[in-house]
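Just below is one structure, and these are the notes that go with it.
The values are calculated or read from the model by the stated rules, or taken from the named source; none is laboratory data. From a predicted model like this one, the values you see are computed outputs, not experimental measurements. Cβ placement follows ideal geometry from the backbone for every residue including glycine, while neighbour counts extend to all protein chains displayed. Keep in mind that these areas ignore ligands, DNA and RNA; they rest on the heavy atoms of the full protein, side chains included. Shrake-Rupley method; radii C 1.70, N 1.55, O 1.52, S 1.80 Å.
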Amino acid sequence: MSLLPHKSRGERADQSFRGLTLIAAASVLLLMVGLLVELALNARQAMGRFGLRFLASDAWNPVTQEFGALSSVYGTVVSTLIAMLLAVPLALVIALFLVELAHPTVARIVGSAIELLAAVPSIIFGMWGLFVFAPFMATHVQPFLGEHLGFLPLFQGAPMGIGILTSGIILALMILPFMTAVMRDVFKMVPSVVKEAAHGMGSTTWEVTRKVTVRYGAIGLVGALFLGLGRAVGETMAVTFVIGNSHRINPSLFSAGNSIASTLANEFTEASEPLYLSSLVYLGLVLLLMTLAIQLGAQAWLRHIKKTLGGSA
Amino acid sequence: MKKRPTMGRKVVDAAVKAFSLLASLLGIFFLGWILLEVGRRGLGALSVDFFTQLPAPPGVAGGGLSSAIFGTLLITVVATLIGVPIGVLAGVYLAEFGKHNRMGASVRFAVNTLMGVPSILIGLFVYTILVLPLGHFSGWAGAVALAIIMLPVVARTTEDMLGLVPDSLRESGLAIGAPRWRVTLGVVFKAARSGLVTGVLLSVARVSGETAPLLFTALSSPYWPTSLSGPTSNLTVTIFNYAMSPYKDWQQAAWGASLLIMACVLALNILARVAFKEKKQ
């Protein structure tokens, strides 16, 4: 028998098991870094040619080889803004309804339905948006808005059905189930003792919600907000179907536009010139940086809330 | 003591309650509208031919999407075979070895970040690492893109599910002399089995409806997929192409494909829920 410490078979197997899991874990890290590096490398040509001017230019002309991100960024931001403005209050009150007002059986059924709807693929929303909702917008909603709010430049122009407003509404419908489900879980986690105490003081349901539940669940609600935002910004198919694919910036929400994701989906396989391709990758890089900024912003805000409210994570 | 007026507060409360009921009805109405419309238009397109025939040119009667159905199945299975094992192992690392060290923290950060990356950018990434160097679109690239989307989801659920297993179980395994790997695979995995199955099913459901990452990787093709080394027929990109075409019968087929995809994704989700509930009881 050897006197030197000798590794048993079990120990060696343990080490290789640990090594294997480490490799898998490291691969996720590598992918994340690789994603950034690859996009940056492939965007190099367009970066060298246009620099940061890319972000401020609304040119998009494959023939003259002039490219700018402004129209796509504008469409992304505006459609996301519309989606958040519609979906956040709706998700909040539906979650409130499910937790505080609805009969438990109703809440359970509607709750499961909402969870399932959150899983419906985005292309389904795209199909519905293009063939069902866009014609509905063109014949009912847009003429109505044009008639009553037409003095605003936002609601002027021909009611074509497709366009930035329609994409925003469809995005809202897409993120609604998901945000509702998260917000409902947040509301559910608030201990009933806390709520009962507020009710005992004579608060109405809305006051309890606004002053107790929302504050108690602030961290979770902000999380839900940012998750929804992250989804809306990068959503491709639901938007590509209905946004209209136009590189012109028009103040009217009825007009056709473009988002970064829809530009990529529509043009990437057709781009034959290296500079065209590189500009599209550059556009992708802008989107990646936007989503990273949203995630980092979410984390920073969460830390801030934790500090000021002292809530539990 | 100053008395607060109750009237205004009660009115506001009633208004908010009415608004929340209305909003719920509105939300349910829209979502019900979507489901019904997909069901109604999709059912009209489904037939035996839809499942057994190859795509027909526009204007030609008959034809189906058998090649796209098979291609989607193939790409999803390959993606699962790549994504799930790596994802589970990464999750094991996070839950068992990387709880309190720096490597664990950075991997956890990467997992969360990667989960939030839009799927179209994953497609772009795979295009630059597989399609561009090899010079052609391929089903393999599509499967890799889907696997990358699954990876963080599986890793995260695995970590969460293994984290629910009490340490006492691990300690008793180690105390009877079992090596760490046997404790993890034989004891911890067994205790967390239903959660792991749920996580895998949900991630498969998520990627089987993905379109954007396949646009620049698998592309699509009207032919029966005999291998994954060229553009590979699949349902979701076919829906996109057909829906954007001006042909009525292609648009009809796109509705059929939409219904099929939606039904499969919902079925997988329900299955995952049932699998999880059974364990809890």
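Rounded to the nearest 0.05, the FRET efficiency derived from the C-beta distance between A:ARG9 and B:ASN101 at R0 = 41 Å is 0.95. Solvent-accessible area of the stretch B:64-275 (1.4 angstrom probe, protein heavy atoms only): carbon and sulfur portion equals 69 percent. Solvent-accessible surface, computed for protein heavy atoms with a probe of 1.4 Å, shrinks by 40 Å² or more for the following residues of the stretch A:216-245 when the other protein chains are added to the isolated chain: A:MET237, A:PHE241.
Keeping the other protein chains in place, figure out the carbon and sulfur percent of the accessible area of the stretch A:169-313, with a 1.4 Å probe. Present the calculation step by step, with values, prior to reporting the outcome.
Values: 3500 of 5770 Å².
The computed percentage sits at 61.
Descending by average beta-carbon neighbour count within 10 Å, the peptides A:165-172, A:125-132, B:24-31 line up as A:165-172, A:125-132, B:24-31, the highest first.
Would you calculate, for chain B, the mean residue ellipticity at 222 nm contributed by helices, counting each DSSP H stretch of 4 or more residues as -39,500 (n - 2.57) and dividing by all residues, to the nearest 500?
Details: 11 runs with 191 residues, N = 281.
Here the helix-only value at 222 nm equals -23000 deg cm²/dmol.
Interface residues of the stretch B:116-161, defined as those losing at least 50 Å² of solvent-accessible heavy-atom surface relative to the isolated chain (probe radius 1.4 Å), are listed as B:PRO118, B:ILE120, B:LEU121, B:LEU124, B:PHE125, B:THR128.
Only loop residues by DSSP count here, and only those with at most 14 other Cβ atoms within 10 Å; note down the chymotrypsin sites (Phe, Trp or Tyr not before Pro) in the stretch B:227-281 that meet that. Listed in order of number, the matching sites are B:TYR247.
Note that the protein assembly as shown presents 46 Å² accessible area per residue, ligands and nucleic acids not counted, probe 1.4 Å.
Using helices alone, what [θ] at 222 nm do you get for chain A, with -39,500 (n - 2.57) per DSSP H run of 4 or more residues, divided over all residues and rounded to the nearest 500? Don't skip to the answer; put the middle values down first.
Details: 14 runs with 207 residues, N = 313.
Computed mean residue ellipticity for chain A: -21500 deg cm²/dmol.
First measure r as the distance between the Cβ atoms of A:VAL37 and B:ARG9, then evaluate 1/(1 + (r/R0)^6) with R0 = 56 Å and state the FRET efficiency to the nearest 0.05.
The pair A:VAL37/B:ARG9 has a calculated efficiency of 0.45.
For a modelled paramagnetic label at A:ALA293, 7 Å from Cα along Cα-to-Cβ, the residues of the stretch A:27-66 in reach, with backbone nitrogen under 16 Å, are A:52-57. Distances between placed amide hydrogens fall under 5 Å for A:GLU66 paired with A:ASN61, all partners being 5 or more residues away or on another chain. Grab chain A and count how many Lys pairs have their alpha-carbon atoms under 27 Å apart, sequence gap of 8 or more, or different chains. Step by step, the pairs that qualify in chain A add up to 8. Inter-chain neighbour count for B:234-243: the average number of beta-carbon atoms from partner chains within 10 Å of each residue's beta-carbon is 3. Averaged over peptide B:6-18, the number of partner chain Cβ atoms lying within 10 Å of each residue's Cβ comes to 3. Note: relative contact order over the stretch A:122-210, using C-alpha pairs below 8 Å and six or more positions apart, is 25 percent. Scanning chain A for trypsin sites (Lys or Arg not before Pro) that sit in a DSSP loop and have at most 13 other Cβ atoms within 10 Å, the longest stretch containing none of them is A:8-247.
Per the accessible-area calculation with a 1.4 Å probe, the total area buried between chain B and chain A rounds to 6800 Å².
Loop-located trypsin sites (Lys or Arg not before Pro) in the stretch B:33-116 (DSSP state other than H, G, I, E, B) with a sparse environment of at most 14 neighbouring Cβ atoms within 10 Å: B:LYS99. Across peptide B:84-92, the average count of Cβ atoms from other chains found within 10 Å of a residue's Cβ is 5.
Carbon and sulfur atoms: what percent of the 1.4 Å accessible area of the stretch A:1-95 do they account for? Carbon-and-sulfur percentage of accessible area, whole number: 70. Label zone of B:LEU132 (point 7 Å out along Cα→Cβ, amide N under 18 Å): in the stretch A:51-65 this covers A:51.
Long hydrophobic helices in chain B: the complete DSSP H runs spanning 24 Å or more by Cα along their own axis with mean Kyte-Doolittle hydropathy of at least 1.6 are B:66-92.
What are the residues of the stretch A:189-206 that lose 10 Å² or more of accessible area, with a 1.4 Å probe, going from their chain alone to all protein chains? Listed in order, they are A:GLY202, A:THR204, A:THR205, A:TRP206. Amide H contacts of B:GLN53 (H built 1.01 Å from N, in plane; Pro and chain starts excluded): B:GLY64, B:LEU65, B:SER66 sit under 5 Å, all sequence-distant by 5 or more or on other chains.
Among B:68-78, A:31-41, sorting by the average number of other beta carbon atoms lying within 10 angstrom of each residue, highest first, gives B:68-78, A:31-41. Taken along the Cα-to-beta-carbon direction at a fixed 7 Å, the label points for A:LEU149 and B:ASP49 span 4.6 nm.
Note down the magnitude of the dipole of the protein assembly as shown about its Cα centre, charges +1 on Lys and Arg C-beta and -1 on Asp and Glu C-beta and zero elsewhere, to the nearest 20 debye. Don't skip to the answer; put the middle values down first.
Values: 42 positive and 26 negative charges, 466 e Å.
Rounded to the nearest 20 debye, it is 2240 debye.
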